[in-house]
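Have a look at the structure below, then the notes.
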Amino acid sequence: MVDTILKEFPLSDIGGQMMEERIRKVAYTKQEVDVIVSMAVQKAVDEARKIDEASMAKHNRDATVISMILGFTALALFVDGLLRLLGIIPPFMEIDIDVLDKIVERVEGDVIDKLKQVPIQRLFKR
């Protein structure tokens, strides 16, 4: 029923011609549309590159700061362990890893035993 009403709907030629002229004035040709689309694509690509460069710069800056923090922390922990190992810093939670005293005791014991075995006069003769 709607189809028959639309088919029989009266249209004036004056209005139809005016609309066609108005459409021709406002409408774009295929070449103009292609140019507009290519310009829009180029603008979008340029904007995407700017966003990508900005995000990579932010990532590099953040990664550098994180690496500096991790490096400083690792270096501080290494130095702390080294100083505890050498006995310069006191033990932490009564965990003594001081090896310097043990090395000194062992070397003193070995050297004193060796010195006792060699007569002192023999050392001064040479």
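The values are calculated or read from the model by the stated rules, or taken from the named source; none is laboratory data. The shown structure was predicted, so the numbers you read here are calculated from the model rather than taken from an experiment. Cβ sites come from the backbone with ideal geometry, for glycine too, and all protein chains shown count toward neighbours.
For region 30-38, state whether one or more residues are at pLDDT below 95 and loosely packed, with under 10 Cβ neighbours inside 10 Å. Before you say what the answer is, go through the steps one by one.
First, the residues of region 30-38 that are at pLDDT below 95: 30-38.
Adding the requirement that they be loosely packed, with under 10 Cβ neighbours inside 10 Å leaves 30-31.
The answer is yes, given that some residue of region 30-38 is at pLDDT below 95 and loosely packed, with under 10 Cβ neighbours inside 10 Å.
Condition first: outside any helix (DSSP H, G or I), surrounded by 10 or more Cβ atoms within 10 Å (Cβ to Cβ) and at pLDDT below 80. Can you find one or more residues in region 66-86 that meet it?
The first filter runs over region 66-86 and keeps only residues outside any helix (DSSP H, G or I), leaving 86.
Cutting the leftovers down to surrounded by 10 or more Cβ atoms within 10 Å (Cβ to Cβ) gives us 86.
Remaining after also requiring at pLDDT below 80: none.
The answer is no, given that none of the residues of region 66-86 is outside any helix (DSSP H, G or I), surrounded by 10 or more Cβ atoms within 10 Å (Cβ to Cβ) and at pLDDT below 80.
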